[in-house]
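The values are calculated or read from the model by the stated rules, or taken from the named source; none is laboratory data. Only a predicted model underlies this, so the values are computations on that prediction, with no experimental measurement involved. Every residue, glycine as well, gets a Cβ built from its backbone with ideal geometry; the counts of neighbours run over all protein chains shown.
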Amino acid sequence: MIGKKIPSPVIARSALVPRARVHRPRNDIIIFLLSSFLLFSCTTGTPQPSTPQVVSVYATASTRPWLTELYDCAATQSSVVIRLSDSQSEADIRLQIGEPEILSSFAYQIDTEEILIVTHRQSPVQNLTLGQARALFEGLGDPSVQVWVYASDADVQRVFDQFVMEGKSVMSSATVAVNPQQMAETLVNQPNTVGVLPKHWKMGDSRFVYTIPNIPVLAITKIEPQGTIKELIACLQK
């Protein structure tokens, strides 16, 4: 489901002492007792540091730009540590672009992103219609243009397949980028290339020729968020 905006006392005892057996305490005993009292007072009056709460976060490669905001949100809360996780199934929060095919947990929109078809500045590819974009990535366009995509399970690729390919397959000869960073650098530095980028990752003077607008950026949790996790997600939504 896509969620809405988240918004011990010390008791002293005295004893009766017969006058004939009263002894004056030695000075070193008085000093020791006084020191012990001061030490006890200082210890009990000083607040002890709380144990940091660790929040594990899995972020897809395309959502890395939002980690900066997440760290800033964590800094506003006391004793919260963000730990990046390699396992999306074990993370407290999962960040991704676009809705998963099957959503059986809780999802909260924290932002929107545009998915772009981007070309090298010297590429012959100009502004595309939806049909032209699909044909280009099917391999029906200019054969001299080198097409770049992502692995089929990458969140950006799933969005692209849903809104552009619409059931058609990307050409088998397309080059697979490891992440948006590699894709962005390729489209800036290698002539006659075309690929897919989240807008946050576009760099240099590469050109975009097609846009998929308003794709949700989601924070997904296994259970309904409470406490610190709820506050972090609410902060990301601001």
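Looking at Q157, Q162, can you tell me which residue is polar (S, T, N, Q), surrounded by 18 or more Cβ atoms within 10 Å (Cβ to Cβ) and within 14 Å of I115 (Cα to Cα)?
On the way: Q162 fails: surrounded by 18 or more Cβ atoms within 10 Å (Cβ to Cβ).
Answer to the selection: Q157.
Based on what the data block shows, is S78 closer than 30 Å to Q157 by Cβ and at pLDDT 80 or above?
On the way: closer than 30 Å to Q157 by Cβ: no; at pLDDT 80 or above: yes.
The answer is no for S78.
In the stretch 131-154, what residues are over 15 Å from M165 (Cβ atoms), among the polar types (S, T, N, Q) and surrounded by 14 or more Cβ atoms within 10 Å (Cβ to Cβ)?
Q146
Six or more apart or on different chains, Cβ under 6 Å: which pairs go from a residue in the stretch 200-223 that's among the polar types (S, T, N, Q) to one that's surrounded by fewer than 21 Cβ atoms within 10 Å (Cβ to Cβ)? Could you list them?
S206/V188; T211/E114; N214/T112; T221/F106
Residues of the stretch 203-227 being touching a strand residue (DSSP E or B) at 6+ places or on another chain (Cβ under 6 Å), crowded, with 17+ Cβ neighbours inside 10 Å and not in a strand (DSSP E or B), which ones?
S206
Considering only residues that are among the charged types (D, E, K, R) and either surrounded by 18 or more Cβ atoms within 10 Å (Cβ to Cβ) or touching a helix residue (DSSP H, G or I) at 6+ places or on another chain (Cβ under 9 Å) (or both), which ones fall in the stretch 79-121?
Residues of the stretch 79-121 among the charged types (D, E, K, R): 83, 86, 90, 92, 94, 99, 101, 111, 113-114, 121.
Within the stretch 79-121, D92, R94, E99, E101, D111, E113, E114, R121 meet the criteria.
Does the stretch 132-147 contain any residue that is out of contact with any helix residue (DSSP H, G or I) (no Cβ under 7 Å at 6 or more places or on another chain) and within 19 Å of P213 (Cα to Cα)?
Yes, the stretch 132-147 contains at least one residue that is out of contact with any helix residue (DSSP H, G or I) (no Cβ under 7 Å at 6 or more places or on another chain) and within 19 Å of P213 (Cα to Cα).
Going by the conditions given, is E113 in contact with a His (Cβ under 8 Å, 6 or more places away or on another chain) and outside any loop (DSSP other than H, G, I, E, B)?
Values: in contact with a His (Cβ under 8 Å, 6 or more places away or on another chain): yes; outside any loop (DSSP other than H, G, I, E, B): yes.
Taking the combined requirement at face value, the residue satisfies it.
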